[in-house]
Amino acid sequence: MKLSLLLKQRDALLRHVRLVNLAFAFAKLSDFAARITRARLRGAIQLRQPTPDAETGWLPLVALEGNPSVIEEHFTDEDLTDFADAIAFVIGESPLDVTFPIEELAERFVAPLRHQLERAGVVFDHPAPAVEEPHHDSSAG
């Protein structure tokens, strides 16, 4: 491959790389949103990325409401790092330090990502994770 060809294709390649990263963030955050809905997780969280001076035992996600162990039951440390990295990419903040209600993940981040991808002409052929709706007992009166 010639250098002149690579330089000529630079803008198109950079657009494709951005789309690939948006698609990856969309897939990751869609999965997290589905898991959050299934587990019925609620409440404010603080999501962060480590700084160079981060201490041992530092956590990327802190539950500001409710029981923090509930989140630990549903996500590994690697999951939480991927979660923080995807949000940091989406909002363009690094290192990330953001607070929001965990139940608003899909509305705040997944839906806008989907809109950006659709505007770019991306066809959604990858199945989205199924989100189970909470079951209500209709026999209760």
Any chymotrypsin sites (Phe, Trp or Tyr not before Pro) in segment 1-74 that lie in a DSSP loop and have at most 15 other Cβ atoms within 10 Å would be TRP58
Once both label points are put 7 Å beyond Cα along the C-beta direction, the ASP97-GLN9 separation in nm becomes 4.2 nm
Helix-only [θ] at 222 nm, the chain, -39500 (n - 2.57) per DSSP H run of 4+, per residue, nearest 500, equals -16000 deg cm²/dmol
If one compares the long axis through the Cα atoms of helix 77-91 with the longest principal axis of the Cα atoms of the chain, the angle in degrees, nearest 10, works out at 60 degrees
Length-normalised contact order of the chain, Cα under 8 Å, at least 6 apart, in percent, tallies to 36 percent
Low-density loop GluC sites (Glu not before Pro), segment 1-79, at most 10 other Cβ within 10 Å, DSSP non-H/G/I/E/B, are GLU55
Excluding ligands, DNA and RNA, the carbon-plus-sulfur percentage of the accessible area of the chain with a 1.4 Å probe reads 54 percent
Longest principal axis of the chain (C-alpha) makes with the long axis of helix 3-39 (C-alpha) an angle, in degrees to the nearest 10, of 10 degrees
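Considering only protein heavy atoms, what per residue accessible area in square angstrom results for the chain with a 1.4 angstrom probe?
Solvent-accessible surface per residue comes out at 68 Å².
The values are calculated or read from the model by the stated rules, or taken from the named source; none is laboratory data. Computed from a prediction, not measured in an experiment: that's the story for all the values here. Positions of Cβ are generated from backbone atoms using ideal geometry, with glycine treated the same way; all protein chains shown enter the neighbour counts. Please note that ligands, DNA and RNA were not included when accessible areas were found on the heavy atoms of the full protein model with its side chains. Shrake-Rupley method; radii C 1.70, N 1.55, O 1.52, S 1.80 Å.
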